[in-house]
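Read the structure below first, then the notes.
Every number here is computed from the coordinates shown, using simple stated rules; none is lab data. Here the structure is a predicted model, which is why all the values come from computation and not from measurement. Because the Cβ atoms are built from the backbone with ideal geometry, glycine has one as well, and the counts that use them run over all protein chains shown.
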Amino acid sequence: MSTVLLIEDDQSIAEMISIYLSEEDYSVHWGANGKEGTKLFHSIEPDVIILDIMLPDTNGMELCKEFRTVSNVPIMMISAKSEVSERVKALIIGADDYLCKPFSMRELAARTNALLRRSSLTNTAQSHAVTLEEESTIDMQSIKIDMEKRCIYLLNHPVETTFSEFEIMRHFWMHPGKVFSREELLNNIRGIDTFVTERSVDVHITNLRKKVEIDPKEPKHIKTVWGVGYKFEP
């Protein structure tokens with residue numbers, strides 16, 4: 001049973017989400033504000049977080065940034081704000097998905113399941129891609145990826161990434177030199193049942209370049225293939 005941390009100040013919405021996800025065999029823990037949510041975050045070790053942006057004691061964006069500094073747990077933001085700028089901002093600060101209110105419980109459950117599925121299948125996928133004779137840490141010049149720890153290293157220093165950023169980098173890593181379209185990357189990091197835009201991939205790529213490239217404006221590893229998408233050059 002997967003553990004969901006729900007941080008939502010509207011009790012009626014929280015109760016609907018909790019009841020529906022519980023019926024879908026999730027263990028839901030509810031925090032009515034940022035303080036309660038933070039306490040639960042450190043005590044229950046959630047598998048996924050559903051986080052409202054408008055909270056009575058803090059901004060959900062700031063809480064997302066705080067969680068992201070210590071964990072790569074998938075985070076889905078929920079908000080009545082539907083502007084593209086808000087969605088992009090959420091992705092930039094570390095969220096993995098963004099759902100606008102009002103939404104159907106069925107869609108919420110599908111998106112939650114998509115995030116959890118991508119997370120749970122990571123170890124299975126890499127076991128097929130990396131043979132038993134290979135080390136779990138693969139070295140390509142200045143960049144290293146530890147698949148087991150889900151961590152990227154630049155010049156032996158750990159680099160903090162979001163769930164989606166690591167998934168993109170992992171996929172690049174397993175297929176060096178291959179050109180991926182934005183749609184292919186979206187399907188690989190999200191699953192085809194979750195709505196996201198191509199702009200989301202651009203945001204993740206920009207963030208990755210800032211973290212692993214010496215000069216993000218002149219990337220040596222994560223390169224743009226104009227009119228097609230992106231590729232990774234070891």
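Before moving on, here are some points about what is shown:
- Calculated from backbone phi, Karplus (6.51, -1.76, 1.60) coupling profile of region 221-230 in Hz, x at Gly/Pro: 10, 9, 10, 7, 10, 4, x, 10, x, 9
- Amide H partners (placed H, <5 Å) of Ser2, local residues excluded: Ser27
- Quarter of the Cα convex hull surface for region 2-120, i.e. its orientation-mean projected area (nm²): 6.4 nm²
- Computed lengthening from Phe103 to Asp215, 0.36 nm per intervening residue step minus Cα-Cα distance: 36.3 nm
- Straight-distance crosslink candidates among aspartates and glutamates, where the alpha carbon sits under 17 Å from Lys39 and sequence neighbours closer than 8 are dropped: Glu8, Asp9, Asp47, Asp52, Asp57, Glu62, Glu66
- In range of the label at Glu15: residues from region 30-54 whose backbone nitrogen is under 16 Å from the point 7 Å along Cα→Cβ: 30-32
- The chain - share of DSSP beta bridges that are antiparallel (%, nearest 5): 50 percent
- Its Cα gyration tensor gives the chain an equivalent ellipsoid; the semi-axes, largest first and in whole Å, are 31, 19, 17.
- For the residue pairs Lys144/Lys217; Lys101/Lys223; Lys65/Lys210; Lys149/Lys210, alpha carbon separations beyond 24 Å are given by Lys101/Lys223.
- Segment Glu148-Glu183, extension gain: residue separation times 0.36 nm, minus the distance between their alpha carbons: 9.9 nm
- The C-alpha atoms of the chain define a longest principal axis, and helix 198-212 lies at about 60 degrees to it.
- Angle between the chain longest axis and helix 105-120 axis [Cα atoms, degrees, rounded to 10]: 40 degrees
- Between 0 and 90 degrees, the angle of helix 163-174 with respect to the longest Cα principal axis of the chain falls at about 20 degrees.
- The slack in the chain from Lys65 to Asp25, taken as 0.36 nm per residue of separation less the alpha-carbon distance, amounts to 11.6 nm.
- Highest-MSF residue in the chain out of Leu154, Leu185, Leu63 [GNM, Cα springs under 10 Å]: Leu154
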